[in-house]
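Some notes on the structure that comes next.
What follows is calculated from the coordinates using simple rules that are stated; it is not laboratory data. The structure presented is a predicted model; accordingly, all values stated were derived computationally and were not measured. Positions of Cβ are backbone-derived with ideal geometry, glycine not excepted, and every protein chain shown enters the neighbour counts.
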Amino acid sequence: MVIQLLSITALFLFFNFPMTTLVLANACGLPNGATGQFEFYTYYLYHFVSLLIPFVCLGALSEVRKKIKQMIIFQTMINVITPGNVLFR
């Protein structure tokens, strides 16, 4: 549970920190168009978090992670030939 909470918090802080600093700069007196393209990227990243949270939650669950690894990594099958019941007449 702690790993899941920390990963969601890190994801939220990483993607929302630029938007938070931009809003804080606008509140301190920075004009709206002064940042240029950076403003568009921060709006995109701000809304991108909601798309990534389900994948972070699934990755934090150990049972689901094991099943995903089994689906992705193809295990090679080794065929072993052993002598069976041989009847000599």
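Brief remarks follow.
- The modelled label-to-label distance for the pair VAL80/CYS57, using points 7 Å beyond Cα in the direction of Cβ, is 4.3 nm.
- For the Cα trace of the chain, dividing Rg by the Kirkwood Rh returns an Rg/Rh value of 1.48.
- Residues LEU45 and LEU5, FRET efficiency given R0 of 22 Å [Cβ-Cβ distance, rounded to 0.05]: 0.55
- For the chain, built as a Gaussian network whose Cα springs stay under 10 Å, the top-fluctuating residue of PRO18, PRO54, PRO31: PRO31
- Degrees between helix 37-60 axis and first principal axis of the chain (Cα, 0 to 90, nearest 10): 30 degrees
- Only helical runs count toward this figure. For the chain, summing -39,500 (n - 2.57) over DSSP H runs of n ≥ 4 and dividing by all residues gives -23500 deg cm²/dmol at 222 nm.
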